[in-house]
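Below: one structure, written as structure tokens.
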Amino acid sequence: MNLRRRFNILALLMLVAVVLVAANGYQYLGGPSVTFLDAIYMAVITFATIGYGEVIDTSHNPALRIFNMVMILFGIGIMLYVFSVSTAVCGGRRLRDLLGSKIHKEIQRMKNHFHCLRRRRNRTTLSGTS
């Protein structure tokens, strides 16, 4: 399994783990009236910073407010990581395909040349002489 795929799987597992931890925390700290679905919904709208309003009332529960603040920080951090890994994989693949195709066309057009490909700071250069 390549490194990018491992990072994708790791990012998704971290996201699922933080949502489940948050849901369990909301259910435990919210009291017996909080269902698991309400707790997951609260976790998702908190991490996505949607701001529909609190499904679970935190106004009279300081422990729940502190837990909510901690979950916001962790959740947003994990979501940013997931989005950055996904964007890097998708964008990197397209850029690599584009550059690879461009270099291949340049090589095909050259006749009686010596081809030398060099990598220098994320740039591939093509040079050749007769």
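Can you sort T58, T46 so the residue with the fewest Cβ neighbours within 10 Å comes first?
Final ranking by Cβ density, sparse to dense: T58, T46.
Neighbouring Cβ atoms within 10 Å as the yardstick, rank V82, V19 fewest first.
V82, V19
None of the figures in this text is laboratory data; all of them are computed from the coordinates on show. All values derive from a computational prediction rather than experimental measurement. We place every Cβ from the backbone using ideal geometry, glycine too, and count neighbours over all the protein chains shown.
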